[in-house]
Each structure stands twice: as C-alpha cells, then as structure tokens.
Ligand code: SF4
C-alpha cells in the first residue's frame, strides 16, 4: 500500500497522524515524513490498521491510501 499526503500544502501539521501511527509518520521541519520520505511513502507491512486510522482521523482528510494491485490471491476459504 502506498501513502500520499496530498495536497501537502493543505497539511496543518496538527501531528494527529504522528500521534496515531508514529512508526510510519514523523515530522521534519514543516514536512510530514511517510516511512522517512516527505509526503509519500510505502506502508510497512502489518501497520495498515494504524495507517487507516491516521487517514480517517486527519482533520483535513489528505492522507490518501493506494492499495497495491498485485495482491496475492486469498488463501483458504
Ligand atoms: S493528520 Fe493530516 S493535517 Fe495533521 S499532520 Fe497529519 S497529514 Fe497533516
């Protein structure tokens, strides 16, 4: 899953995403880092729930999540 903070100039640096999911989001100056890179990055495996919580709690709703298309076929059933 890819994470984009877009448009980045709408970010109010409220730190909600950082507080909810510090493993993924951090702040550097006036930029939010996603997995260490400014404004966008790849979601680490296993952290999707907290990333989705950060996305849905962003007060300006700019944390966009893009699912990878090449997901493995579901197993079991
Ligand atoms: S929750 Fe949204 S507005 Fe707040 S710092 Fe994160 S991206 Fe910016």
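The values are calculated or read from the model by the stated rules, or taken from the named source; none is laboratory data. Small disclaimer: the values here were computed from a predicted structure and weren't measured. All Cβ positions, glycine included, derive from the backbone under ideal geometry; neighbour counts span all protein chains shown.
Counting only residues that are farther than 14 Å from residue 2 by Cβ and touching a residue at least 12 places away in the same chain (Cβ under 8 Å), which one in segment 39-53 is surrounded by the most Cβ atoms within 10 Å (Cβ to Cβ)? That would be 50. Within segment 1-26, the set of residues being surrounded by fewer than 14 Cβ atoms within 10 Å (Cβ to Cβ) and near the ligand (Cβ under 10 Å from one of its atoms) comprises 6, 10, 12, 13, 14, 15, 19. Among the residues making up segment 60-77, none is surrounded by fewer than 10 Cβ atoms within 10 Å (Cβ to Cβ) and either at pLDDT 95 or above or near the ligand (Cβ under 10 Å from one of its atoms) (or both).
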